[in-house]
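The values are calculated or read from the model by the stated rules, or taken from the named source; none is laboratory data. Just so you know, these numbers come straight off a predicted model, no measurement behind them. A quick note on method: Cβ atoms are made from the backbone with ideal geometry, for glycine too, and the neighbour counts reach across all protein chains shown. Accessible surface is based on the protein model in full, side chains and every heavy atom, while ligands, DNA and RNA are left aside. Shrake-Rupley method; radii C 1.70, N 1.55, O 1.52, S 1.80 Å.
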Amino acid sequence: MPPEVTTTTAEVVICGAGIAGVAAAYHLAVRRGVRDVVLIDERAPLTLTSDKSAECYRNWWPGPGDAMVALMTRSIDLLEELARESDNVFRMNRRGYLFATADPARASELVHFAEEASGFGAGPVRRHERRDSDYRPAPAEGFEGQPTGIDVITDRSIIRREFGWLTEDTIALVHARRCGWFSGQQLGMYMLERARDKGVRFLEGRVEAVETAGGRVSAVKVSGAGGARTLATPRFVDAAGPFVGRVARLLGVDLPVFCERHGKVAFNDVLGAIPRSAPLTIWCDPVRLPWSDEERSELADSEHRRLLEEFPAGVHGRPEGAGESQSILLIWTYDVAPVTPTFPVEFDPSFAEITIRGMSRMVPALAGYLSRLPRAFVDGGYYTKTRENRLLSGPLPVEGAYVIGALSGYGMMSSNGAADLLADHVTGRALPHYAPAFLPSRYDDPAYRALLETWGDSGQL
Ligand SMILES: Cc1cc2nc3c(=O)[nH]c(=O)nc-3n(C[C@H](O)[C@H](O)[C@H](O)COP(=O)(O)OP(=O)(O)OC[C@H]3O[C@@H](n4cnc5c(N)ncnc54)[C@H](O)[C@@H]3O)c2cc1C
């Protein structure tokens, strides 16, 4: 744990030591040489949302424009730099995201998305329409020397040969290649240590107020075990995760953000339904849960009738852990109603069963668990989002105040790109071309607000 803060001034105070705040501290102190950065959290670093993630990354993002792909490309470049310099302490791999479908219309849509992402800079699209096509599977470990871009596989014999564990009616696979996963905790701890080496100090406590003088930030009031204290500072960064809106209101600023609850299921795949070397695999079609005739008629007459209806597309999963690990992670957000974040997070008691049933549509061997469900661990947190699912990184309307937040379901992968951008804002450096797409002030522009009305895919999985 970084040392306690004893001084009463700081150059920059960051509220929140999740991945956003830690990355912000790292980019300010280590990459921009800003001294005297104080990171404040009422919890231990990286323990609220940032240890609940599925820890995946991807350069596959929709428009409009190339902003998401460009920011994420920068973020993945930075992740790769960190992986190289640390001897890959956070075990970054490059297994890819594998999108699967049994629906010809959905297959065409996936190809369209692939071409769109490619046009935004995600790399070339390679078509594999014949048995002898040169599709190159991803290695289980490491990230060097791998293709970027997207493989579109429509030859059924390649699908069976390489991914025989998927349902036989899979007609198309889209394998996005500059994608994979890593240990988010290890990444966060690595950046926190480097930041600490450059003088970043951690203060355990709760930010209660942000004071201004002459219209600009002047001090931050913190309560904690040692009592209340005030830190004089000209700069304040709101990195409060699900509470980013609440903390902005301390400055009288209303952020256009909301939260969704998202869970993940982990259990030991003793049947070996998903190979240990598999990519993150996503079923892109809506699903009807499998039930026996008896279960079906029982459900039809019960309050759980909904379980007989169609569930949305997007159930996905991957193997987790190295060596002898048998663990797999499954994720399916079939209910995305906005909620007020409360902790501990509570989940539908049938979440694990519904997710395993849903995933068995894509991976039939998972049906082996349905007669006797495995002991599953359910965990999760909140996606904090803007309406169009694009994060916030930049100045707030009070001078000296900034935000890095609304990192949604992609905060581990985007944290470096978002924090690099934030550090450019804070230090007054030249900004990259994608900066305007992430400014909190973008909503002041009537043309942007009009665009929101016709916004298409938000890129959420
Ligand atoms: C189920 C699930 C799966 C996910 N999968 C992925 C994935 O595969 N890939 C990916 O990239 N992302 C994923 N994410 C998203 C990712 O986890 C988040 O985007 C990210 O963790 C958000 O980080 P944060 O720093 O903004 O928030 P947090 O980690 O929540 O940190 C915010 C911190 O602010 C502190 N704080 C708040 N208010 C105050 C205050 N007043 N005073 C002091 N401290 C305060 C809190 O204590 C907390 O520690 C997933 C998320 C979930 C829930």
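Anything in the range 143-169 that is touching a Gly at 6+ places or on another chain (Cβ under 6 Å) and open to solvent by 10 Å² or more (accessible area, probe 1.4 Å)? List them, or say none. Explain how you work it out, then say what you get.
From the range 143-169, those touching a Gly at 6+ places or on another chain (Cβ under 6 Å) are 148-149; that's our starting set.
Answer for the range 143-169, where residues must be touching a Gly at 6+ places or on another chain (Cβ under 6 Å) and open to solvent by 10 Å² or more (accessible area, probe 1.4 Å): just THR148.
Given the criterion outside any helix (DSSP H, G or I) and within 12 Å of the ligand (Cβ to nearest atom), identify the matching residue among ASP379, ASP348.
Numbers: ASP348 fails: within 12 Å of the ligand (Cβ to nearest atom).
So the residue among ASP379, ASP348 that is outside any helix (DSSP H, G or I) and within 12 Å of the ligand (Cβ to nearest atom) is ASP379.
Out of the range 269-282, which residues are within 16 Å of the ligand (Cβ to nearest atom) and either under 16 Å from ARG357 (Cα atoms) or surrounded by fewer than 14 Cβ atoms within 10 Å (Cβ to Cβ) (or both)? Can you show your working first?
Step one: filter the range 269-282 for residues within 16 Å of the ligand (Cβ to nearest atom), giving 278-282.
Within the range 269-282, THR281, ILE282 qualify.
Show the residue pairs meeting these rules: Cβ distance below 7 Å; 6+ apart or different chains; first residue within the range 219-232 and closer than 19 Å to ALA401 by Cα; second residue open to solvent by less than 60 Å² (accessible area, probe 1.4 Å) and of a type in the set (D, E, K, R).
none
When the range 170-184 is examined, which residues are found to be surrounded by fewer than 24 Cβ atoms within 10 Å (Cβ to Cβ) and β-branched (Val, Ile, Thr)?
THR170, ILE171
Can we say ALA100 is surrounded by fewer than 21 Cβ atoms within 10 Å (Cβ to Cβ) and either touching a residue at least 60 places away in the same chain (Cβ under 8 Å) or within 13 Å of the ligand (Cβ to nearest atom) (or both)?
Values: surrounded by fewer than 21 Cβ atoms within 10 Å (Cβ to Cβ): no; either touching a residue at least 60 places away in the same chain (Cβ under 8 Å) or within 13 Å of the ligand (Cβ to nearest atom) (or both): yes.
When the stated conditions are applied, ALA100 does not pass them.
Mind telling me which of the residues ARG32, ARG91, ARG106 ends up being closer than 22 Å to PRO279 by Cα, more than 16 Å from the ligand (Cβ to nearest atom) and at pLDDT 95 or above? Outline the logic, then answer.
Working: ARG32 fails: closer than 22 Å to PRO279 by Cα; ARG91 fails: more than 16 Å from the ligand (Cβ to nearest atom).
Unique residue meeting the criteria: ARG106.
Conditions: (1) within 12 Å of the ligand (Cβ to nearest atom); (2) in contact with a Ser or Thr (Cβ under 9 Å, 6 or more places away or on another chain). THR212 meets all but one. Number of the miss?
For THR212, the failing item is (1).
Residue pairs, Cβ under 6 Å, 6 or more apart or interchain, first in the range 39-59 and under 15 Å from GLN186 (Cβ atoms) and open to solvent by less than 40 Å² (accessible area, probe 1.4 Å), second near the ligand (Cβ under 6 Å from one of its atoms) and assigned to a loop (DSSP other than H, G, I, E, B). List them.
PRO45/ALA17; SER50/GLY18
Hey, can you tell me all the residues within the range 382-406 that are open to solvent by 10 Å² or more (accessible area, probe 1.4 Å), away from the ligand (no atom under 12 Å from the Cβ) and either of a type in the set (A, V, I, L, M) or touching a His at 6+ places or on another chain (Cβ under 8 Å) (or both)?
Hits for the range 382-406 are PRO395, LEU396, VAL398, TYR402.
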